[in-house]
């Protein structure tokens, strides 16, 4: 039984890792006031980039190319939204469609229609000394690929950065009240641009994790909606770095429950557990709106006179 | 009048330029472009089969959902949830269809279609209610509801609605009495296409010729102006449009289930709800133009399938074209109207 629990927790953290990476990207974008539906596109672009990069220069190069590819997808959103001043939601959806279509086309064009089982070097779990022997939680938290440990640092770093640095405050000011940020000498459009690019890079890394630390190969549409899940995670995590970590774990755990039920032989419809986090997110949305956890300017266009 | 004509010309040129660019890339990639082009054309228009069993069949759900998205966007409601509303419509239509299959067609079929539309409306009304009551952004709520809908389908076809042998994750086939009749013998084109056409015309008439339609457009143009200068209850109008949009998408799901698949399974929609955004935007949210863009994208998707079969060109290329069309329209609109936001 404790073995089932240990496996379950470890797998939950593993599943949560790409989700949390992407969600941190989305968190920064939303803190700047932008809902980036192009994040899903960044993830699939990152996954494809990881395949190409790792094929050329190994795992490290794979992650670098993944981040760059995710960034490139986000750059399209940034150009269309901030320079051409188009609607963010439509632009993001279009970029996601574009990235899904392009990666699918390129994959088939470069690696053949069947997409022969193409495997790349992967990043195995790396047990941390001492802490990994803590009962139950040790294995879940500290027998993971290196990228997961970087993720822990990223969460803490983001929390500190957004509350203690000038740039972090500028980011949050842009999402709350861009006109006021503008009056204080900040360029909201520039802040949103950087936030989008950072988010894209994180999405790309999330795609990289899928290929380089989990599956070991690319398949069409393997992002499987994780970019949208990331948006749910940010909402459920109430736009805070620590909340996002918890929400990502919840989503990770929900998707692992089905295997627990299977191994215990319980005939529980697992789809209900998969749907549960989304329902919780809807409830959280209804609850948070009044307590104003969301950035006040979220989803609204910048004023033409104060960019 | 002149300005709108220029916009249509721009739209048409955008599509042509994008298709030409994609083929240039294909050529550079070493594909047999002339063969691919021929396959694209043949697959979409080359034979009665291509038109009546591929292009128009594929265009039908795009038309329903394109109208749904177009109507919502017209009122400034960013309904990204057409996919979920379509799934809700298909699920309930099949559920009801399995129950009333024994009734005569003139009674059973309308019942099934209405049930589908109502399911779509109900699914949308959750998001409309959250927006109206709590100010929840509809973009996020409809996205969540899409996931809930797709997991619900996944559960239903493995649980309560699964066929009795419990081998395949799908329902049994619908009885003849709850299937939309074919329009041409021996082809897949069904009555749903005519229904969608009629709805497009009705929607155009509603938006341009009725007071309620004017209110919808006023709220979409500027909710605050509609409220202060027009005395319009903007949030109520937006909520009603949201629900009507869901009904259209739900009806699209019902039409697909009763006209094409005759059963419910997980992959019943290959992302119609997302393609619909491209369909509606390229048509500038104009209901009659949505007929044209739905046909265009239906032809594109039918042709792309043939292209993959005959010229080995990946059919996902159609998605690339759709996405580029949206980005192209966004960019050109902005270049022409420097201060509009949608």
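The values are calculated or read from the model by the stated rules, or taken from the named source; none is laboratory data. What you see is a predicted model; the values in this text were computed from it and never measured. Quick reminder, even Gly has a Cβ in these numbers, built from the backbone with ideal geometry, and neighbours come from all protein chains shown.
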Task: Any chance residue A:200 is surrounded by 16 or more Cβ atoms within 10 Å (Cβ to Cβ), more than 17 Å from residue A:28 (Cα to Cα), away from chain B (no Cβ under 14 Å) and touching a residue at least 24 places away in the same chain (Cβ under 8 Å) - done: no
TODO: All but one of (1) farther than 30 Å from residue A:183 by Cβ; (2) away from every other protein chain (no Cβ under 11 Å); (3) surrounded by fewer than 19 Cβ atoms within 10 Å (Cβ to Cβ) hold for residue A:306, so report the exception by its number.
DONE: (1)
Open item on the list: Suppose we keep only residues that are assigned to a helix (DSSP H, G or I) and either free of Cβ contacts under 8 Å to residues at least 60 places away in the same chain or within 16 Å of residue A:40 (Cβ to Cβ) (or both) within the range A:82-92. Which one would you say is farthest from the chain's Cα centre (by Cα)?
Closed with: A:83
- [ ] Test residue B:281 against the criterion of being within 14 Å of another protein chain (Cβ to nearest Cβ), modelled with pLDDT under 90 and assigned to a helix (DSSP H, G or I), and give yes or no.
- [x] yes
Task: Scope the range B:169-217; condition farther than 20 Å from residue B:260 by Cα, under 19 Å from the mean Cα position of the chain (by Cα) and touching a residue at least 24 places away in the same chain (Cβ under 8 Å); matching residues - done: B:200, B:201, B:203, B:204, B:207
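Mind telling me which of the residues A:47, A:73 ends up being under 23 Å from the mean Cα position of the chain (by Cα), within 14 Å of chain B (Cβ to nearest Cβ) and under 30 Å from residue B:33 (Cα atoms)? Break it down into steps so the answer makes sense when it comes.
Values: A:47 fails: within 14 Å of chain B (Cβ to nearest Cβ).
None of the other options fit; the residue is A:73.
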TODO: Please specify each residue of the range A:162-180 satisfying the condition of being farther than 13 Å from residue A:31 by Cα and part of a helix (DSSP H, G or I).
DONE: A:164, A:166, A:179, A:180
- [ ] Return the only residue of B:90, B:122 being surrounded by fewer than 24 Cβ atoms within 10 Å (Cβ to Cβ) and either part of a helix (DSSP H, G or I) or touching a strand residue (DSSP E or B) at 6+ places or on another chain (Cβ under 6 Å) (or both).
- [x] B:122
Task: Only listed residue being closer than 21 Å to residue B:113 by Cβ and in contact with a strand residue (DSSP E or B) (Cβ under 8 Å, 6 or more places away or on another chain), chosen from B:199, B:189, B:194 - done: B:189
TODO: Go through (1) part of a helix (DSSP H, G or I); (2) touching a residue at least 12 places away in the same chain (Cβ under 8 Å); (3) surrounded by fewer than 23 Cβ atoms within 10 Å (Cβ to Cβ); (4) more than 13 Å from chain A (Cβ to nearest Cβ) one by one and return the number of the condition residue B:132 breaks.
DONE: (4)
Open item on the list: Based on this model, can you work out whether residue A:136 counts as loosely packed, with under 14 Cβ neighbours inside 10 Å, in contact (Cβ under 8 Å) with a residue 60 or more places away in the chain and more than 26 Å from residue A:298 (Cα to Cα)?
Closed with: yes
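Given A:168, A:124, A:101, which one is farther than 22 Å from residue A:33 by Cα and either surrounded by fewer than 16 Cβ atoms within 10 Å (Cβ to Cβ) or more than 14 Å from every other protein chain (Cβ to nearest Cβ) (or both)?
From the options A:168, A:124, A:101, the qualifying one is A:124.
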